[in-house]
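Working notes, beginning with the structure itself.
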Amino acid sequence: MLQNVGMKVKRFDQTLPLPERGTDKSAGLDLVSRIDIDCYPKKVTLVPLNVAVDIPDGYFGLLAARSSLPLKMGLTLANGIGVIDSDYNGDEDEIMAAVIPVGDMAVNVRRGDRIAQLLIIPASIAGSLPKVEEVQKLEEKNRGGYGSTGGYSA
């Protein structure tokens, strides 16, 4: 269990808070913008999140948007989610959020705004990943694609 394992965190701006859970049952640690930055429509902007982390071996970080990000700030993560491997742990490896406005207006992110959350998740590491084996045909029946279990078909 990760709760018995420490995770080292370096803050670039010591005046901003350490990553923390919003409540005792929050899945992730809130991360904040280190700077004021303007985000423009149709342009991906990298927002520095003020931390470099040393994720324990056997785990990876999942960077996800806070659920309120589109509604309160008008932003979304451009890549949906971000994966932070445990070997992305150098002293200057600051976690960044790739964001883009959801509308046609620029969005002003302010220093200290909560942008994303970091979840620490057990990983399949190199020795436990399946070997890739190419085949000409898979034996299982086709499911039908998006929404197929609910009766939708394109």
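The values are calculated or read from the model by the stated rules, or taken from the named source; none is laboratory data. Being a predicted model, the structure only gives us computed values, none of them experimental. Don't worry about glycine lacking a Cβ; one is built from the backbone with ideal geometry, like all the others, and counts go over all protein chains shown.
Go through (1) over 18 Å from the mean Cα position of the chain (by Cα); (2) within 20 Å of Asn50 (Cα to Cα); (3) modelled with pLDDT of 95 or more one by one and return the number of the condition Val99 breaks.
(1)
Sort out which residues of region 22-55 are more than 20 Å from Val102 (Cα to Cα), of a type outside the set (A, V, I, L, M, F, W, C) and out of contact with any Gly (no Cβ under 7 Å at 6 or more places or on another chain), and write them in order of number.
Listed by number, the residues that qualify are Gly22, Thr23, Asp24, Lys25, Ser26, Gly28, Arg34, Asn50, Asp54.
Got at least one residue in region 110-129 being without any contact (Cβ under 8 Å) to a residue 12 or more places away in the chain and either in a loop (DSSP other than H, G, I, E, B) or of a type in the set (Asp, Glu) (or both)? Steps first, please.
Let us first name the residues in region 110-129 that are without any contact (Cβ under 8 Å) to a residue 12 or more places away in the chain, namely 124, 126-129.
Subset that is either in a loop (DSSP other than H, G, I, E, B) or of a type in the set (Asp, Glu) (or both): 124, 129.
Checked against the condition, which is being without any contact (Cβ under 8 Å) to a residue 12 or more places away in the chain and either in a loop (DSSP other than H, G, I, E, B) or of a type in the set (Asp, Glu) (or both), region 110-129 yields at least one hit.
Under 6 Å between Cβ atoms, at least 6 apart or on separate chains: pull out the pairs that start in region 78-106 with a residue that is more than 14 Å from Leu118 (Cα to Cα) and outside any strand (DSSP E or B) and end on any residue that is of a type in the set (A, V, I, L, M, F, W, C) and modelled with pLDDT of 95 or more.
These pairs meet every condition: Ala78/Val44; Ala78/Ala98; Ala78/Ile100; Asn79/Ala98; Asp93/Ala52.
If Val53 satisfies every condition in (1) of a type in the set (Val, Ile, Thr); (2) modelled with pLDDT of 95 or more; (3) surrounded by fewer than 19 Cβ atoms within 10 Å (Cβ to Cβ); (4) under 14 Å from the mean Cα position of the chain (by Cα) but one, which is the exception?
Only one criterion in (1) of a type in the set (Val, Ile, Thr); (2) modelled with pLDDT of 95 or more; (3) surrounded by fewer than 19 Cβ atoms within 10 Å (Cβ to Cβ); (4) under 14 Å from the mean Cα position of the chain (by Cα) is unmet by Val53, namely (3).
When you look at Pro70, is it out of contact with any strand residue (DSSP E or B) (no Cβ under 6 Å at 6 or more places or on another chain) and either among the basic types (Lys, Arg) or in contact (Cβ under 8 Å) with a residue 24 or more places away in the chain (or both), yes or no? Outline the logic, then answer.
Numbers: out of contact with any strand residue (DSSP E or B) (no Cβ under 6 Å at 6 or more places or on another chain): no; either among the basic types (Lys, Arg) or in contact (Cβ under 8 Å) with a residue 24 or more places away in the chain (or both): yes.
Judged against the criteria, Pro70 is not a match.
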